[in-house]
Amino acid sequence: MSMDAKTEILARLAGALSDRPRAPEVPRDYRRTSELSLDEIVDMLEDRLVDYKANVFRETAQTVADRIATQLGASARYVIPEGFDTALLPEDTAARRAIVDPNDSRKASALTVRDLNRVDAVVTSSTVSCAQTGTIFLSARPDEGRRAITLVPDHHICIVPLDTVVELIPEAMSRVERSAPTTMISGPSATSDIELERVEGVHGPRTLDVILLG
């Protein structure tokens with residue numbers, strides 16, 4: 001096909017597209033910025049998470065390791081992503097801890113799904129949390145790890161720094177990298193059958209412990 005023919009075809013396509021009726025603009029009159037105080041937003045998030053049957057704890061840098069130790073118990077084996085701050089973890093659990101590289105899934109020494117199914121828990125941080133919906137966002141950052149480590153183990157201990165808590169969905173989405181593989185968590189994994197019998201742990205952890213870290 002000659003260049004002239006291609007140019008003519010492209011011109012016709014452009015003309016056809018320009019003649020198409022434009023869809024009406026969607027009014028965007030929803031709130032994009034919260035007017036609540038941080039305390040009110042954090043209270044809202046806690047209320048939503050508890051309603052979804054998550055366990056919620058408020059801790060500081062000085063108390064978080066003891067809380068994690070309590071939630072893990074005396075013998076639980078657990079994994080953490082490579083970028084997780086180990087200063088937040090109880091020192092006496094180092095021997096039962098595995099560290100997962102962000103690129104672990106592409107390595108010969110990777111923890112397989114079977115390996116992850118044998119550990120008792122996973123401890124990660126989080127990207128942002130939306131109080132309005134009680135949703136925690138993970139986006140595979142170095143301190144959150146690849147998706148499999150938060151979906152396969154039966155117990156997830158998730159750190160939520162208070163400065164990452166927002167009220168509204170638009171505020172939360174603005175903090176998530178658009179190209180990142182994002183996992184949204186609202187309580188432990190749960191589903192219901194046709195008779196509305198709740199079953200937990202089918203699609204992810206059966207137990208979700210959320211530590212609001214201030």
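The values are calculated or read from the model by the stated rules, or taken from the named source; none is laboratory data. This is a predicted model, so every value here is computed, not measured. Note that each Cβ is placed from the backbone with ideal geometry, even for glycine, and that neighbours are counted across all protein chains shown. Only protein heavy atoms, including side chains, enter the accessible area calculation; ligands, DNA and RNA are left aside. Shrake-Rupley method; radii C 1.70, N 1.55, O 1.52, S 1.80 Å.
With R₀ fixed at 41 Å, the C-beta to C-beta distance from Ala180 to Ile9 puts the FRET efficiency at about 0.60.
Look at where the Cα atoms of the stretch 63-104 and of the stretch 139-169 average out, and the two centres are 14 Å apart. By the Kirkwood approach, averaging reciprocal distances over each pair of separate Cα atoms, the stretch 115-214 gets a hydrodynamic radius of 14.0 Å.
How fast does the chain diffuse by Stokes-Einstein, in µm²/s, taking the Kirkwood radius from C-alpha pairs at 25 °C and 0.890 mPa s? Approximately 125 µm²/s, per Stokes-Einstein.
Heavy-atom surface analysis with a 1.4 Å probe gives the stretch 1-87 a carbon and sulfur content of 51 percent of its accessible area. Asp4 sits with roughly 120 Å² accessible to a 1.4 Å probe, with DNA, RNA and ligands left out of the calculation. Of the whole protein surface, Met44 contributes about 40 Å² of accessible area at a 1.4 Å probe radius. To the nearest 10, the accessible area of Leu88 is 30 Å² with a 1.4 Å probe.
Annotation for the stretch 72-178: GluC sites (Glu not before Pro) lying in DSSP loop with at most 14 further Cβ atoms inside 10 Å of their Cβ are Glu82, Glu177.
Here the stretch 1-128 was treated as a single set of alpha-carbon atoms; its pair distances binned every 10 Å from 0 give 9, 23, 21, 13, 11, 13, 9, 1 percent. Surface analysis of the chain yields an accessible area of 60 Å² per residue, using protein heavy atoms and a 1.4 Å probe.
Amide hydrogen proximity for Thr135: with H placed 1.01 Å from N in the peptide plane, the residues at 5 or more positions away or on another chain lying under 5 Å are Cys130.
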